[in-house]
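Please read the structure below before turning to the comments.
The values are calculated or read from the model by the stated rules, or taken from the named source; none is laboratory data. As the structure is a computational prediction, the values presented were derived from the model and not from experiment. Ideal geometry is used to build each Cβ from the backbone, glycine not excepted, and the neighbour counts take in all protein chains shown.
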Amino acid sequence: MSAREVNFDGLVGPTHTYSGLSHGNLASMTHRGAGSNPRAAALQGLAKMKALADLGVAQAVLPPHERPAIDVLRRLGFGGRDDASVLETAARQAPGLLAACGSASSMWVANAATVAPSADTADGRVHLTPANLTAKFHRSIEPPQTTRTLRALFRDEARFVVHDPIPGGQAMGDEGAANHTRFAPGHAGPGLHFFVYGHEAFAAGVAPARVRRFPSRQAREASEAVARGHRLDPAQQVFAQQHPEAIDAGVFHNDVIAVGNEHVLLHHECAFVRSSEVIDELRRHYAALHQGADLLCVEVPQDRVSLADAVGSYLFNSQLVTVAPGHMVLVAPQHCAETPSVRAYIEHLLTGGCPPLREVHYFDLGQSMHNGGGPACLRLRVVLTPSEIAALPPSVLLTDATYTALTDWVKRSYRDHLVPADLADPQLLTETRAALDDLTRLLGLGSIYPFQIAGA
Ligand code: SUG
């Protein structure tokens with residue numbers, strides 16, 4: 001059955017701020033307290049979506065979450081007559097919690113869920129497991145909304161299963177597709193699922209996540225649970241451990257150090273523990289699934305691109321997309337063009353270093369990048385058949401008309417300057433809810449947000 005990859009991009013929410021919430025994510029740590037521009041952030045994201053759609057890549061949108069999360073602040077004991085008093089009390093007593101509950105981090109939808117296409121699963125349905133995101137408080141409050149949103153989009157239960165997130169606790173962290181890559185020629189099944197974890201939760205009894213300089217976020221046991229839930233065949237799964245040195249250099253997700261597409265894996269020399277064994281295992285499994293076909297693994301040596309340049313430029317957080325059979329495009333952050341070692345390496349890839357790669361397109365995603373979110377962080381890949389695409393609410397697919405409607409919506413609803421202290425402003429909450437109400441109508445999603453759902 002024919003299938004294509006649909007890139008679902010997260011729309012940046014109206015409360016996009018820099019609060020330094022992600023220890024281990026160097027960009028987030030560096031930009032703590034800086035002024036942000038939510039309007040520019042959302043428009044930069046939309047410009048990338050439009051460019052991909054123009055390249056012929058199927059493109060869809062995922063809506064942002066309601067922030068500040070008043071429901072969470074109330075559960076944390078900030079009561080009051082009305083929502084304005086909740087904000088005021090939280091700002092006075094616990095500004096850090098308010099910043100976390102106001103973060104627009106749901107934009108990085110590579111962390112929304114892990115996905116298995118219907119060609120790969122035992123019951124022939126598309127499986128999605130929302131990530132539990134237990135490693136960071138501000139992200140751990142995302143799964144309930146992510147689950148509601150995915151169930152509103154993938155609502156046909158004959159075709160789709162949206163699981164509950166994996167039970168958490170810090171050691172059982174699951175960060176979704178950012179630590180998962182699927183390989184398959186032309187995206188058609190059966191695919192090989194590559195899961196990368198940072199630590200084993202139960203390696204020595206109940207162990208906490210390994211902490212050296214920076215903690216790891218993904219547990220092997222969580223990835224295994226996702227694979228079981230998705231009813232994948234063991235022959236379709238490979239697990240590998242992220243290199244602790246990479247985590248300590250700021251590689252908080254595998255998609256900061258490796259990217260794959262169809263039959264290609266581009267990875268840094270320091271991405272995995274026992275890298276050559278991992279690559280052998282991947283190639284063996286891939287050949288077994290696809291009549292001896294080769295998985296092209298391109299290793300980027302440390303002496304060509306250092307770990308520091310890889311993290312600083314976000315080379316591996318580029319999207320590698322197929323625009324025609326055998327013709328791939330690298331969708332890279334502008335920072336790559338400005339980092340000499342990385343720019344030179346991309347030239348090498350384009351001139352024979354990675355034969356299917358024919359073009360690079362650079363994008364200014366500075367607003368998201370300053371929080372550690374490059375092109376690949378902003379998208380969730382979902383391989384769908386034509387009838388599965390037809391079962392989605394049509395307005396979530398990006399067309400010229402939806403692009404225009406969404407950019408107009410951003411221009412009339414978003415502020416162009418915020419600092420974390422602005423999250424206490426009750427007027428910002430009112431504006432945000434009005435904007436999200438408009439958006440759910442525009443996307444044909446019905447009521448999905450706590451403020452729209454009585455008693456949620
Ligand atoms: O989880 N940054 C996000 C960036 C996520 C990037 N995603 C992928 N690599 N797939 C994170 O660390 C920073 C928010 C702040 O500091 O205000 C933040 O959450």
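State the number of residues belonging to region 309-331 that are of a type in the set (Gly, Ala, Ser), part of a loop (DSSP other than H, G, I, E, B) and over 16 Å from Pro355 (Cα atoms).
Here the count works out to 1.
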Study note, to complete from the structure: Of the conditions (1) in contact with a helix residue (DSSP H, G or I) (Cβ under 8 Å, 6 or more places away or on another chain); (2) under 30 Å from Thr385 (Cβ atoms), the single one that Val57 does not satisfy is (1)
Point to revise | Unmet requirement for Pro234, which otherwise passes all of (1) crowded, with 22+ Cβ neighbours inside 10 Å; (2) farther than 12 Å from Val196 by Cα | key: (1)
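Condition check ((1) over 20 Å from Thr322 (Cβ atoms); (2) within 16 Å of the ligand (Cβ to nearest atom); (3) exposed (fewer than 15 other Cβ atoms within 10 Å of the Cβ)) across all residues:
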site: Ala344; (1), (2), (3): yes, no, yes
site: Phe363; (1), (2), (3): no, yes, no
site: Gly372; (1), (2), (3): yes, yes, no
site: Tyr414; (1), (2), (3): yes, no, no
Practice item. Select from region 297-342 the residues that are touching a Cys at 6+ places or on another chain (Cβ under 7 Å) and surrounded by fewer than 20 Cβ atoms within 10 Å (Cβ to Cβ) and write down the one among them that is farthest from Glu269 (Cα to Cα). Key: Val298
Exercise for review: Please state which one of Leu380, Leu423 is assigned to a strand (DSSP E or B) and surrounded by 20 or more Cβ atoms within 10 Å (Cβ to Cβ).
Suggested key: Leu380
Check your understanding: Which of the residues that make up region 140-187 are over 18 Å from the mean Cα position of the chain (by Cα) and either within 16 Å of the ligand (Cβ to nearest atom) or within 30 Å of Gly292 (Cα to Cα) (or both)?
Key -> Gly168, Gln170, Ala184, Pro185, Gly186, His187
**Study point:** Candidate set from region 426-456 (those that are among the β-branched types (Val, Ile, Thr) and part of a loop (DSSP other than H, G, I, E, B)); member that is surrounded by the most Cβ atoms within 10 Å (Cβ to Cβ)
**Key:** Ile448
Check your understanding: Taking region 146-175 as the search range and keeping residues that are assigned to a helix (DSSP H, G or I) and over 26 Å from Ser387 (Cα atoms), which one is modelled with the lowest pLDDT?
Key -> Gln170
